[in-house]
Amino acid sequence: MTIRTRFTFLFTGIVSMLLGIFCLTIYFEAAFHQTREFQERLRKEAITSATFLLGKDLISPELFRQLTKRQITTLTNEELVIFDLRGEVSYESGTVLSSQITAKQLEQIKQEGEYYWRIDENNAFGTIFELNGQKQIVIMEAFDKYGISKQQNLRLMLFFGWIGIVLLSLLAGWFLTNRFLSPVKKIIQEIDKITGSKIGLRLNEGKRTDELEQLSIRFNQMLNRLEEAFNTQKAFVSHASHELRTPLTSITGQIQVSLMVDTEAAELRESMKSVLDDIQQLNKLTNNLLDLTSIKTHQEGIKYELINLVQVLLQAQTELKNKNSSYKILMTYDDPNELLPEMYANEPLIYTTIVNLIDNGAKFGKDNVVEVNLEVLESEILLTFKNAGIPISQEDQATIFEPFKRGKNSRNIKGHGVGLSLVKQVIELHHGLLQVVSSQDEGTIFTVKLPR
């Protein structure tokens, strides 16, 4: 069942229920007032008749019967019976009513003074009429012909009115639902046009006021994110394939040359060292790519533990010096408040981040010198990596954290442009901040702020 059908039936059902309650309330309220009105007429008729028969100006019972037959205000099927207090009939206009009166009903009239009840379809009223110290029980019965007729007419009118309004509600609900859902149809039509080759298309946002237009805005924002991720993925695959193909081609070529010609041991050793260097670069690129992918796709599964950053820095220093003896890594530790340099983090990712930043500083630094400073504050930990090499231009500073983006100062220096992108992802994963400042006077300073 479509939303239009469900909404139409829901709207019609609510209108039908409310209108039905309204009609039933009117009907029963009218029936109640009609009954009270007839009971009052019955009471007045009974007292008037008793006054004629038992009052000072007495008339004969036969004359009274003739008057009631010809009186225009006489009620339908009206009958009058008068009992004395012993239950004996003193007067009866008909022949049936007295036999329908029970001793219990007479006793009820004596106790309450006035009493209403029903005899089949008729209404009955009984009261105590007292004159000159003598009490009589006056009972009148009549059929409310006009009241019942009016109630029947009212019932039919309300019923057919209810049916008519329900049908109108059904049509109105269908029309209104069609009007309300027409923007949804347009959204669906526009969405159907968006494909992988047309991912740049966007939904019409209208006046940006109602909920459907807000939905279009959110959908466009999602498309912007998807398009960005799609383009990033295409660029990533393109650059990654290129960066992987280059060292593999180099390795293949060097091995083929070594196999084709007779080379001396020294030359063969140099060739193997070059191959080993390419393999190490390839291994580093592969690890960085795997880490970068893992961060983007498996953030929920990353585990955090309490780590000591001094120990991580020392391990990174040792590893990098063993791999490249020309690196000069100068470390300082500033702790004015004697706080422990500890934080909750994923140690392998933080270790990879520090290794990349030190390696980056040493590669680009003058004489392969990089200065690393650790400062522990109350709420955060500051790590700075400074080198005095060729500064990074302002234009390159805006893009060096994107995958496979390298600055103009990186010419003739080995690298793939993945390390800083991985560093930024790890820092943001730990709710930290990564900044870079580079100038000819101060050199290049990478600053990492991590919450304690």
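Any read-out appearing in this document is the output of simple, stated calculations on the displayed coordinates, not a laboratory observation. Model, not experiment: these values are computed from the prediction. With ideal geometry, Cβ positions are generated from the backbone for all residues, glycine too; neighbour counts draw on all protein chains shown.
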Ranked by how many other beta carbons lie within 10 Å on average, peptides 24-37, 382-395, 349-362, 168-181 from highest | 349-362, 382-395, 168-181, 24-37
Proxy exposure order for Met157, Met140, Met343 (fewest C-beta within 10 Å first) is Met157, Met343, Met140
Set Lys363/Lys449; Lys323/Lys363; Lys110/Lys135; Lys386/Lys424; Lys198/Lys424; Lys321/Lys424 screened for pairs whose C-alpha atoms are more than 19 Å apart | Lys363/Lys449; Lys198/Lys424; Lys321/Lys424
When you count, for each residue, the other Cβ atoms within 10 Å and take the mean per peptide, how do 44-53, 371-380 rank with the highest first?
-> 44-53, 371-380
